[in-house]
Amino acid sequence: MQHKNQNLFKPSKEFSRNARIKNICEYYDLWNEAEENFEQFWKNKALEKITWFSPFSKVLNQDNAPFYKWFEGGTLNVSYQCLDRHMKTRRNKVAIMFEGEMGDFEVYTYRRLLHEVCKAANLLKKFGIEKGDRVVIYMPMIPETAIIMLACARIGAIHSVVFGGFSPEALRDRIIDAKAKLVVTADGAFRRGKPYMLKPAVDEALEKDCECVKKVLIVIRNKEQIDYIPGRDYIYNELIKNESYKCEPEIMDSEDLLFLLYTSGSTGKPKGVMHSSAGYILWAQMTMEWVFDIKDMDNYWCSADVGWITGHTYSIYGPLACGATTLIYEGTPTYPNSGRWWRMIEEYQISKFYTSPTAIRMLHADSPNEPKKYDLESLEVLGTVGEPINPNAWKWFYENVGNSKAPIVDTWWQTETGGHMITPLPGATALKPGSATLPLPGIFAQIIDEEGNIKGVGEDGLLCIVKPWPSMIRGIWGDEKRYVESYFSQAKQNGKAVYFSGDGAFYDENGYITITGRTDDVVNVAGHRIGTAEIESAIAKHSSVAESAVVGVEDSIKGETLFAFVVLNRDSSCDLGSSVETLKELNDILRVEIGPIAKIEKILYTPGLPKTRSGKIMRRILRTIARGEEIKQDISTLEDSHIVQTIANLVKAEIE
Ligand code: WTA
């Protein structure tokens with residue numbers, strides 16, 4: 001790669017020559033093909049990539065838009081697509097390499113993985129799990145997590161993976177909303193060199209309102225002491241030994257749900273994003289091939305936890321669907337020191353490595369010269385996801401980890417999109433640090449205003465996807481109305497509601513897209529989406545809090561952190577002198593209600609909040625104040641415009 005005009009980094013000739021998409025003309029050819037004959041494009045891809053049990057009769061059904069249906073009439077099974085179909089050519093190829101934090105490792109060939117999945121599927125059946133039932137998975141990063149997910153897919157159960165860092169309360173909410181029949185968990189695992197626990201959180205979650213859950217299945221991992229409730233709790237490791245390694249895959253319709261994954265929105269509780277079988281797996285596979293240019297010889301590693309969409313699509317489903325070798329790592333990047341990941345890249349000869357800007361910034365800050373101590377020559381493509389990457393972090397990653405030759409694919413997408421939407425292609429796109437560049441072929445991403453007019457160069461607008469795509473969200477579990485309101489009510493084009501992502505963005509002179517961040521009340525802390533409404537309703541549980549407003553402010557490592565403006569009760573015994581203590585108490589509440597990822601870093605006690613006359617809190621103004629920026633918004637329509645100045649003075653006094 002060379003540093004060329006406009007600070008763009010061009011792909012190396014050597015890489016491009018062997019890549020699937022070799023240059024930008026090939027990219028545009030594909031893009032135009034999708035535009036000119038949209039349905040035919042997707043039809044060809046679906047026929048080429050998926051092993052169908054029976055063919056689909058309709059590519060796209062838009063009759064009930066925005067409830068789109070793809071590949072209707074077709075039947076398949078996602079576990080078959082990820083496992084059985086590889087038996088002819090990749091039976092003995094490594095599917096999963098696993099490394100535990102304490103250094104233990106395991107290898108699953110495709111054949112072994114298929115057998116384990118079948119055994120787990122048979123076990124799930126014994127627990128009474130049938131097609132369409134929901135199974136909550138609250139697990140660490142170990143191979144059994146992938147096995148259970150694929151076992152659910154095999155029998156047609158819908159899994160809902162809950163990130164292991166969520167609190168018992170948050171877990172309970174998700175169990176209840178999904179009406180799960182079974183919870184699969186582990187005793188715990190290892191993190192930062194010590195055991196940590198998961199099963200006690202399940203016990204606590206199930207203490208109330210979870211009558212739907214009949215059984216709990218426990219994978220033994222760290223062998224710490226846990227409680228057992230006879231008749232409810234069962235040990236996976238013992239039962240699995242008795243199961244047959246054969247299990248016929250359930251015949252699933254294209255639109256049958258594969259999983260739910262809860263994510264935060266601007267209002268209310270987290271929503272259960274629904275993903276279907278065929279469209280999701282098609283795009284997971286296609287994007288692995290295009291964006292990581294995955295090949296049979298690759299050793300691929302995505303560091304995301306399986307509790308997030310990135311872990312679903314790019315640690316498990318995507319790599320397995322294309323027959324790749326994927327690494328699963330249990331622990332933290334800094335144990336026993338900040339060379340852990342680089343050591344693993346060297347040892348496993350990782351060729352494609354996908355991680356988050358927060359991890360990059362953390363490792364950069366921790367030990368900037370560490371990567372140089374390892375042989376990272378195997379790396380061919382690097383990827384980032386989940387939040388904007390600042391040019392500084394990009395440069396360090398590019399030069400020190402990728403040795404100034406591995407392209408970085410800055411992939412923009414969301415839980416709702418199922419897979420990548422806007423990203424460079426490693427052999428074709430000239431890279432621009434901090435820009436996700438261009439939409440993938442078949443993805444009609446545009447920056448528009450509410451009426452659908454496309455924004456000019458440098459103008460901020462709404463990042464929308466104006467045509468449906470196969471791996472798109474199919475709905476919000478149990479709430480059809482919220483699906484339409486959340487995604488299809490902000491922008492229209494040609495009179496038709498289009499998908500709005502919640503992100504703002506702008507075009508540069510090359511048509512490259514740069515994401516400016518959420519325009520709604522969602523904060524992105526260390527790449528994790530947190531709804532400010534969730535935080536506010538949790539801290540309202542503190543007896544001294546009258547009301548609050550939470551916004552995101554810039555943080556050099558985590559991208560954003562939470563800043564809370566809190567109005568205390570008039571009769572509250574806590575005064576400003578005890579504010580440190582109150583902050584601690586509020587964070588204790590957040591840890592219980594949500595989990596340690598939701599932590600207020602900065603707090604300001606204020607006599608009031610800026611509100612419109614209809615009582616809506618103007619978070620945008622608070623965000624401006626918290627960031628120390630000049631207030632440009634019109635504040636004349638506020639109920640009490642003086643409060644803005646009062647708050648601005650308080651923040652200024654704090655900073656000084
Ligand atoms: C943000 C994660 C800038 C964005 C896959 C989006 C990004 C939200 C990028 C989705 C990126 C994701 N550059 N921002 N490359 N990728 N985001 O659902 O705000 O956890 O709306 O999915 O992360 O987060 P989610």
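The values are calculated or read from the model by the stated rules, or taken from the named source; none is laboratory data. From a predicted model like this one, the values you see are computed outputs, not experimental measurements. Every residue, glycine among them, receives a Cβ derived from its backbone with ideal geometry; neighbour counts consider all protein chains shown. All accessible areas refer to the heavy atoms of the entire protein, side chains included, with ligands and DNA or RNA removed. Shrake-Rupley method; radii C 1.70, N 1.55, O 1.52, S 1.80 Å.
Things to note:
- For the chain, with all protein chains in place and a probe radius of 1.4 Å, 48% of the accessible heavy-atom surface sits on carbon or sulfur.
- Computed extension gain for LYS584 through PHE53, at 0.36 nm per residue and net of the alpha carbon distance, reaches 185.5 nm.
- Trypsin sites (Lys or Arg not before Pro) within the range 1-82, DSSP loop, no more than 13 other Cβ atoms inside 10 Å: LYS4
- Accessible surface calculations at 1.4 Å, restricted to protein heavy atoms, place the chain at 40 Å² per residue.
- Antiparallel DSSP beta bridges within the chain, percent to nearest 5: 60 percent
- Look at where the Cα atoms of the range 350-386 and of the range 559-629 average out, and the two centres are 35 Å apart.
- Between the range 305-349 and the range 428-444, the Cα center-to-center distance that results, in Å: 24 Å
- Reachable lysines, given that their alpha-carbon falls under 21 Å from the alpha-carbon of LYS632 and they are not under 8 places away in the same chain: LYS611, LYS616, LYS652
- For the range 445-518, the dipole from Cβ point charges (+1 on Lys and Arg, -1 on Asp and Glu) about the Cα centre works out to 400 debye, to the nearest 20.
- A Cβ-based charge dipole, computed about the Cα centre of the range 538-655 with Lys and Arg at +1 and Asp and Glu at -1, lands at about 300 debye.
- Cα-derived Rg to Rh of the chain, Kirkwood definition: 0.95
- For the range 206-328, the pair-distance distribution built from all alpha carbon pairs, in bins 10 Å wide starting at 0, is 10, 25, 36, 23, 5 percent.
- Computed packing ranks the peptides 234-244, 476-486 as 476-486, 234-244, most packed first, by mean other Cβ atoms within 10 Å.
- Restricting the chymotrypsin sites (Phe, Trp or Tyr not before Pro) of the range 121-177 to loop positions (DSSP other than H, G, I, E, B) with no more than 12 neighbouring Cβ atoms within 10 Å leaves nothing.
- Reach of LYS269 by Cα under 16 Å, taken over lysines that are not fewer than 8 positions away in the same chain: LYS179, LYS481, LYS541
- Straight Cα distances below 18 angstrom link LYS405 to the lysines LYS4, LYS10, LYS13, LYS22, LYS352, LYS372, LYS373, LYS395, LYS432, with same-chain residues fewer than 8 positions distant left out.
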